[in-house]
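Undergrad: There's a structure below that I have some questions on.
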Amino acid sequence: MGIQKPNKITAEVSIIGAGPVGLLLAILLGRQGKRVVIAERWPELYDRPRAVTMDAEVARILASLGIDVDHDPAFENHNELYYWKNADLHDLQIVDWESLAPCGWHVTYWFNQPEFEARLIEIVQSLPSVTLLRGWTAISLEEDDSGTQVQLLDTETQTNTIHLFAEFLVGADGANSFVREQLNIEVVDKGYFFDWLILDMLPDASYQTSPAQWQLCDPKRPTTIVPGGPGRRRWEFMVLPTEDPVEIAKAETAWLLLKPWGLKPDNAKIERSAVYRFQARWAKQWVKERCLIAGDAAHLMPPFAGEGMCAGLRDAVALSWRLNAILDGLMPRDVLESYETERIVHAQHYIQFSQDLGEIICIADDAAAAARDKRMIADLAERNYEPITGDLVKLGPGVWCEENDGAGELSPQGIVEYGGKMDRFDQAVGQGWFILAIERTTDALLTHSQYAKLEMLKGSVLSVGMSGFDVTTKDNTYIDWAKKTEAGFAIIRPDFYVAAMAKTQEELRARFDEILKRLGM
């Protein structure tokens, strides 16, 4: 695919913004042969660290691209608990970052964003139907029922222009989104503002710190100490109300803050020093006719839960299967409405969760910090210092059965054997629409009409169990899941979320009909 006229390009989907969200969406569309153009205003890849952490769900998403974060040198997992400590280094909270998440990957991974983006760009460049335009800034946007048009301006010359036509336009262009502004979408701002100094460090190989990841809740200077990807470390220091954000970001101040941690110019290098304002906000509307927004254009959250970029990558996956189906003529355009209703509630959960964590961490008053410490130390002792684990967050209303236990959540994933291959389910069996029968037969499970619709979705019906089934389980993941939900059947979507669970064949048929109805099929 290329420019058909000197100043005109047409595509099925145009994406403004070539960060991780835009790149992932382009890959997921391009792998299905969709004609995609991504426009990015910066001529070169931005080579400074930004996001540094991802969760198990993102690891699962990347595995579907062939990126195995357990063995890829660009990623690391420290297999440690995550501690919150007070000024006296007494434990306030312990979080389980050692165990595997139910979806089969470690709870937390660390990476360097430029390396991560370079991996995604490499995949994009391997897809013949995807074009990446670097150094082009969007300056105007028009949309009607036939499609979208964006005018791009050469960022360097400020003279050359391109007209980009597409059936759908996605704004994945960051917090100051041009697309969102052009669509006049209102933003809900929770009025949460804290300035933090971010120091990304390259310490000597001999530098050691333990634990690798922890939070210092000291009212004199709340501080986060975490990895920044292989060979890197990150310190985050809260900027106090009396301090000047410009002054604190200077190298001489940074080295003073790092001195207690054993870092100095002769054993470490400052890769980036920048003050960021942590915010909590979201756009009220994510879908406007043929235009959509995703990632930071749609939501911003404080980084305390490490979910900002993760939420954006979930947006990309949720958008991709819907856009692919619409462009294939399988689903009507209004299925995009469920993208907004599902994802906005999910993102709001993490925005609130991140803000709640921040309100615990960002206490700079001695008396308030002492009250917090007393309460949290008592709570931790009461549960015998047992680490807490993450929860399964449900989607907002959409293409899943709300009254259904286990539905609307990310599906678990175990080790299985299928077709002579033993691996996690996604890698051994695949990704897409699945109807799983757990320790049950699949004989005549659906009606003829339902089988036909599932075939249109390129879906599969599979039995899963310890022996004698289509998919042989090598652990108790699926059996335990069936017991917990009291259901032997599950409908899984291409984004790994559970559309419905069912106890009987009749219930499964009814729920599958409901899902097809919500898909407009």
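Taken together, the values in this text are just the output of simple stated rules run on the coordinates, not laboratory data. From a predicted model like this one, the values you see are computed outputs, not experimental measurements. Positions of Cβ are backbone-derived with ideal geometry, glycine not excepted, and every protein chain shown enters the neighbour counts.
Undergrad: Whats the longest run of the chain with zero chymotrypsin sites (Phe, Trp or Tyr not before Pro) that are DSSP loop and have at most 11 other Cβ atoms within 10 Å?
TA: It runs 1-192.
Undergrad: Treating only the Cβ atoms of Lys and Arg (+1) and Asp and Glu (-1) as charged, compute the dipole magnitude of the chain about its Cα centre; round to the nearest 20 debye.
TA: Dipole about the Cα centre, nearest 20: 680 debye.
Undergrad: Pairs of Cα atoms under 8 Å, at least six residues apart: use those to get the relative contact order of the range 415-518, whole percent.
TA: It comes to 28 percent, rounded to a whole number.
Undergrad: Given the pairs 220/264; 190/220; 85/374, which span a C-alpha to C-alpha distance of over 19 angstrom in this model? Don't skip to the answer; put the middle values down first.
TA: On the way: 220/264 22 Å; 190/220 25 Å; 85/374 12 Å.
Over 19 Å Cα-Cα: 220/264; 190/220.
Undergrad: In whole Å, what is the distance between the alpha-carbon centres of the range 24-43 and the range 405-458?
TA: After rounding, the separation between the Cα centres reads 28 Å.
Undergrad: Students often get this wrong, so try it: which of (i) 22.8; (ii) 25.5; (iii) 24.5 is Kirkwood radius over Cα pairs in Å as calculated from the structure shown?
TA: Derived directly from the coordinates: (iii).
Undergrad: Another question, if that's okay. Mind jotting down the distance between the C-alpha centroids of the range 307-361 and the range 54-88, whole Å?
TA: The distance from the Cα centre of the range 54-88 to that of the range 307-361 comes to 21 Å.
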